[in-house]
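Structure, as structure tokens:
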Amino acid sequence: MKKAWTFLFIGLMVICSACSAKTDAAEKAAPSPGKADHLVWVEGGAPLHPKSNDYGKQGTLSNFYIGKYEVTQSEWLEVMGGNPSTFRGGNLPVEMVSWYDAVEYCNKRSVKEGLEPYYTITKNTIDSNNKNDNDHIKWQVTPNPEADGYRLPTEAEWEYAAGGGRQSKGYLYSGSGNAEEVGWFWRNAGDTFLNGDWNWPLIENNHNRTHAVGGKQPNELGIYDMSGNVREWCWDWYAEGDGQAAGGVYRIVKGGGWIGDVSNNETSYRGKFDPNGYGPDQGFRVVRSDLLY
């Protein structure tokens with residue numbers, strides 16, 4: 001998988017310079033998310049979306065807060081002091097970040113804002129639940145459910161929020177039955193709308209890329225870009241079929257991305273990726289628990 005991303009990354013670096021002017025224009029056209037409204041409160045409950053992976057199962061979700069937007073490069077730079085992204089722009093989603101990068105960001109942002117870090121990260125202890133032979137990091141990351149800091153969403157939380165929560169209208173994508181209205185994917189993320197079968201040379205020549213957050217219409221809860229732009233890390237290990245896994249090989253990613261097919265943009269689609277993997281369509285959004293619930 002790393003080898004494939006190496007070739008992809010080289011190709012993307014070639015098109016970056018040609019797209020810089022377009023990036024600036026996209027940033028100016030899109031709303032700039034302010035700190036005062038960067039989170040959306042989600043009322044918990046049982047999944048109402050008929051295509052949800054948890055629909056019809058027992059159990060309900062507690063209330064929580066989730067990022068209105070994917071974490072931007074400006075937000076990342078303010079906390080982490082650098083920018084790993086392929087496509088540069090303060091209001092573009094940060095990408096080229098691994099699952100470990102994301103959980104470390106959550107803790108550092110929590111400290112910066114005076115919150116209790118949600119994760120205990122032990123870098124010198126190997127996670128015995130990590131079965132990935134390609135993952136050379138394998139930090140032991142332990143959650144603290146009583147903490148009020150930032151964290152990654154669980155798959156159930158992500159999917160519930162993407163599907164509109166208690167206001168769900170059952171859309172196939174997050175906020176619409178038409179993917180073009182709410183998301184960026186391989187057909188519409190470049191200079192022109194692409195037709196035919198997925199084709200990397202076609203995508204590359206079309207200058208496909210990420211877009212400034214909030215450029216499409218939001219879903220029922222006022223959340224943006226949960227169908228496309230960048231794939232988003234979740235907390236959970238990927239498990240085949242139903243159920244949760246205590247460990248595994250891959251971490252779950254949701255929401256599709258600017259490279260992927262439109263089917264990946266469906267709220268129920270379950271993607272997977274090496275925890276230490278990263279790519280130019282791989283980002284995340286943050287969550288905070290509602291401890292008053």
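Structural remarks
- Measuring nothing but protein heavy atoms, the accessible surface of region 221-281 at 1.4 Å probe radius is 46 percent carbon and sulfur.
- A Förster radius of 45 Å combined with the Cβ-Cβ distance from residue 291 to residue 198 puts the calculated FRET efficiency at roughly 0.55.
- Both radii are taken from the alpha-carbon atoms of region 137-244; with Rh as the Kirkwood radius, Rg/Rh is 1.04.
- Accessible-area ranking of 66, 126, largest first, probe 1.4 Å: 126, 66
- Size of electric dipole in region 176-221: Cβ of Lys, Arg +1 and of Asp, Glu -1, about Cα centre, debye, nearest 20: 100 debye
- Among 226, 96, the order of accessible area from largest down is 96, 226, computed with a 1.4 Å probe on protein heavy atoms.
- For the set 174, 128, the ranking by accessible area, highest first and with no ligand, DNA or RNA atoms included, is 128, 174 under a 1.4 Å probe.
- Summed side-chain charge close to residue 186 - residues other than residue 186 whose Cβ falls under 14 Å, Lys, Arg +1, Asp, Glu -1: -3
- Trypsin sites (Lys or Arg not before Pro) restricted to region 163-242 and DSSP loop, no more than 13 other C-beta within 10 Å: 169
- For the residue pairs 68/123; 57/254; 112/254; 57/108; 112/169, the C-alpha atoms sit more than 32 angstrom apart in 57/108; 112/169.
- Backbone N under 19 Å from the residue 268 label point (7 Å along Cα→Cβ), restricted to region 145-173: 155-173
- The packing ranking of peptides 175-186, 193-204, highest mean first, is 175-186, 193-204, where packing means the average number of other beta carbon atoms within 10 angstrom of each residue.
- Rg over Rh, two decimals, region 95-177 (C-alpha only, Kirkwood Rh): 1.07
The values are calculated or read from the model by the stated rules, or taken from the named source; none is laboratory data. Not measured: the values here are computed from a predicted model. Counting neighbours? That spans all protein chains shown, and the Cβs are built from the backbone with ideal geometry, glycine included. Keep in mind that these areas ignore ligands, DNA and RNA; they rest on the heavy atoms of the full protein, side chains included. Shrake-Rupley method; radii C 1.70, N 1.55, O 1.52, S 1.80 Å.
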